[in-house]
Structures are given as C-alpha cells and as structure tokens.
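The next block holds one structure in the form of structure tokens; read it before the comments.
What follows is calculated from the coordinates using simple rules that are stated; it is not laboratory data. Everything quoted here is computed from the prediction, not taken from an experiment. Ideal geometry is used to build each Cβ from the backbone, glycine not excepted, and the neighbour counts take in all protein chains shown.
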Amino acid sequence: MNISVTLNNPAWTLIYILIVIIATSFLTRLIAFLMNKMKRFHNNEAAIYLTRDIINYIIYFIALMIILQFFGINLAGTLLSLGIAGIALSFAAKDLISNLFSGITLIIGKSIQVGDTIEINNKKGIVERITLRSTIISDDSGVKKIIPNSTLTNYPYLHFKTPEKYRVDIQTGLSLNIDVEEFEKYIVKKILEYDGILKNPKPSVYSKGITFEETQLKVSFWVKEFNSKDKYKLTITNEIRKFTKMGEKDE
C-alpha cells in the first residue's frame with residue numbers, strides 16, 4: 001500500500017494528527033466521567049461498562065479513519081482489504097470474538113451481575129466487573145481472578161445466592177507509640193457514624209502481628225451494597241490516616 005502525505009506541509013499534518021489524538025483522549029475521558037456519574041442512577045454496572053466500551057471503540061475507529069485520511073489512504077480499499085482478510089483473521093481471533101459475544105450475552109441477559117458470587121473451574125469469588133472480554137471476580141482474600149466470558153457461557157458454573165452484606169477489610173499499620181485500644185475505640189466509633197455501613201455485625205479491629213516499626217492491624221466492617229465497598233474503604237482509610245497524624249503530633 002502506497003502512503004503519501006496529502007498535505008503540502010508535513011508539519012501541519014503532524015499538528016492535525018495530534019489534535020485528533022488529543023480530541024480522542026478527551027472524549028474517552030469524558031465518556032468515562034459520564035459513565036461513572038450514571039452509576040448513581042443505574043444499578044446495572046455491567047450495562048454501563050458495556051455502553052462505555054462500545055462508545056470508546058467507535059471513537060477509536062473514527063479517529064483511526066481520520067488519521068488514515070491525512071496520509072491519503074483509500075478507506076474503501078482498506079475496508080475491502082480487511083474484508084478479504086477477515087476470513088483468515090476470524091480464525092486467529094476466534095477466542096477474542098467468542099469472548100466479546102459472550103460478554104454481550106452475559107450483560108444483556110443479566111445471568112450474572114456485579115455483586116453475585118460464582119464458582120467455576122475451582123475459582124470462587126464475588127463478581128466485581130463484567131467487561132466485553134472477561135469477568136473479574138475477587139475471592140475472600142481480595143485476590144482478583146480474570147475469567148474469559150466464553151468460559152462462563154460454555155461451561156457450567158455455580159451461582160450462589162446474592163449475599164445480604166459484603167465485608168470490607170483494610171490493612172494498616174500503627175506506630176508502636178500509639179495505643180491500639182484507643183485506636184480501636186476511635187475507628188469503630190467513626191465507622192458507625194456512616195449510615196451505609198452496617199451496625200451488625202459490629203466493626204472489628206484484628207491484630208496481624210508486630211514488627212520493629214509498627215503494629216499491623218486489619219480493620220473490618222460490613223456494607224449492604226456491593227457498589228459502596230470502594231467508597232467506604234477509601235472513607236475509612238482517610239479516618240485511619242487522620243488518627244495516625246494525631247498520634248504523630250502527640251509524640
């Protein structure tokens with residue numbers, strides 16, 4: 001394929017390409033921002049991610065076509081060539097295509113949703129995210145596992161009853177000069193101030209060991225909504241930092 005710059009000034013060609021790239025980056029970030037806002041009004045996160053991915057793919061495709069035009073590439077001929085090569089490429093990308101269609105099936109059919117607990121091929125965890133290509137689950141230890149969507153549509157899996165509550169664990173360390181009991185009273189009181197955090201089971205602080213520099217602790221509490229886990233994890237982490245700073249000032 002012969003590529004020739006259509007503009008007389010290559011510098012202007014570069015500028016136009018940079019503008020397209022910047023515009024593409026801005027649009028994809030804007031879409032991500034709007035999709036995050038939609039989470040407040042839409043419970044189906046998987047559908048939101050699907051919409052975001054499809055829009056992003058369209059934006060990337062349009063940007064690519066515009067950039068190719070700057071180099072005088074015949075779009076019709078290019079698409080025709082892709083069509084001819086599509087048969088060969090389809091075999092090479094069989095797994096990718098299978099995962100994409102399986103992802104759409106899972107999201108539209110709602111057979112699995114964010115917050116559900118599933119087990120397949122000895123992998124068990126809570127569904128954290130469903131994308132076009134894969135489903136991400138997190139086990140009790142917080143380890144994330146990626147499962148191809150085609151696996152979920154082609155093989156049997158266990159679908160457990162949706163939990164009524166979800167545990168949030170925060171690993172932290174306190175200076176040896178800070179009283180652990182005082183910290184526990186403070187952080188449990190702060191946790192119970194938030195309406196989105198369950199009062200029962202009561203929040204807990206567990207000792208994970210002591211090093212030469214700090215006392216290692218785990219703060220645990222429960223929330224009712226799976227989508228609120230990250231929000232309250234960040235909130236309580238900030239409360240822990242506030243207490244730590246107060247303890248450092250008192251030293």
query: Once amide H atoms are placed 1.01 Å from N in the peptide plane, what residues at a sequence separation of 5 or more from TYR194, or on another chain, have their amide H within under 5 Å of its amide H?
result: none
- request: For each pair in LYS161/LYS242; LYS110/LYS185; LYS124/LYS189; LYS110/LYS218; LYS123/LYS231, compute the distance between the two Cα atoms and list the pairs where it is over 31 Å.
  value: LYS161/LYS242; LYS110/LYS185; LYS124/LYS189; LYS110/LYS218
- line: When GLU181, GLU239 are arranged by how many other beta-carbons sit within 10 Å of their Cβ, fewest first, they go GLU181, GLU239
statement: On each of the three principal axes the extent of the alpha-carbon atoms of segment 110-160, given in whole Å and largest first, is 27, 20, 16
query: Hey, if you drop one equal point scatterer on each alpha-carbon of segment 104-251 and run the Debye formula without solvent, what base-10 log of I(q)/I(0) do you get at q = 0.12, 0.14 Å⁻¹?
result: -0.61, -0.75
- prompt: Which ³J(HN,Hα) values in Hz, rounded to whole numbers, follow from the phi angles of segment 161-167 under the Karplus curve 6.51 cos²θ - 1.76 cosθ + 1.60, where θ = phi - 60° and Gly and Pro get x?
  reply: 4, 4, x, 7, 8, 10, 8
Ascending count of other beta-carbon atoms within 10 Å, so fewest first, for PHE71, PHE26: PHE26, PHE71
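In Å, what Kirkwood hydrodynamic radius results for segment 166-250 from the alpha-carbon pair distances?
13.1
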- prompt: Taking H as built 1.01 Å from N, whose amide H comes closer than 5 Å to the amide H of ASP116, not counting residues under 5 places away?
  reply: VAL127
